[in-house]
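The values are calculated or read from the model by the stated rules, or taken from the named source; none is laboratory data. What you see is a predicted model; the values in this text were computed from it and never measured. Here the Cβ is made from the backbone with ideal geometry for all residues, glycine too, and neighbour counts use every protein chain on show. Heads up: the accessible areas ignore ligands, DNA and RNA and are worked out on the full protein's heavy atoms, side chains in. Shrake-Rupley method; radii C 1.70, N 1.55, O 1.52, S 1.80 Å.
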Amino acid sequence: MHTPANPRQPGQVLAAISWVLLIAVMFGGESLILLLTSGDPPTAQQEQFFRAGHGHAGVLAIAGILYSTSLGRTGLPARRQVVAWVAYALAVFMVSGGMFLHAYTGEAGERSAGVWLTAAGGVVLAGAVLYLAWHLIQARDDAGIAEARA
């Protein structure tokens, strides 16, 4: 029999979405292979930044699975868990998307909108990770206080 998830803990749903997003990264790998084997090969810059965007997307997507499951251990209300996860996911798209954008619109050795998007994504990513870390520490401290009172 299926037991419904606690609506106050959206971690399972967020983790499931994170797993599905990993499929998008796999399609990105296929796109890279098609790009490299096409009749019109990419420039060195395009290849470099496409690989960087794809690699970052993959690593951050896997870390997103851990992020979503860790949110359930914080004691945060469901809405704040969802907002934190959305911020993390947005940051992943900004970081890797900026690299893809720079690959096709930027010039070698020059800053572009893609570089700025990647940097902004890094700031959002750092904020989302620090938010999670802080609330994991708070949850641990809260659990310790509850044990001491029991």
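Some observations on this one:
- If you wrap the Cα atoms of segment 14-59 in a convex hull and average its projected area over all directions, you get 3.1 nm².
- Relative contact order of segment 1-110, defined on C-alpha pairs under 8 angstrom at six or more residues apart (%): 41 percent
- Considering only the Cα atoms of the chain, their convex hull presents on average a projected area of 11.6 nm².
- Rounded percent of accessible protein surface that carbon and sulfur make up, segment 1-134, 1.4 Å probe: 71 percent
- Relative to the Cα centre, the charge distribution of the chain, modelled as +1 at Lys and Arg Cβ and -1 at Asp and Glu Cβ, gives a dipole magnitude of about 620 debye.
- Peptides ranked, highest mean first, by Cβ atoms within 10 Å: ranges 106-113, 56-63: 56-63, 106-113
- Here segment 86-137 and segment 20-60 have alpha carbon centers that stand 17 Å from each other.
- Sorted from greatest to least, the principal axis extents spanned by the alpha carbons of segment 41-88 come out as 49, 15, 10 Å.
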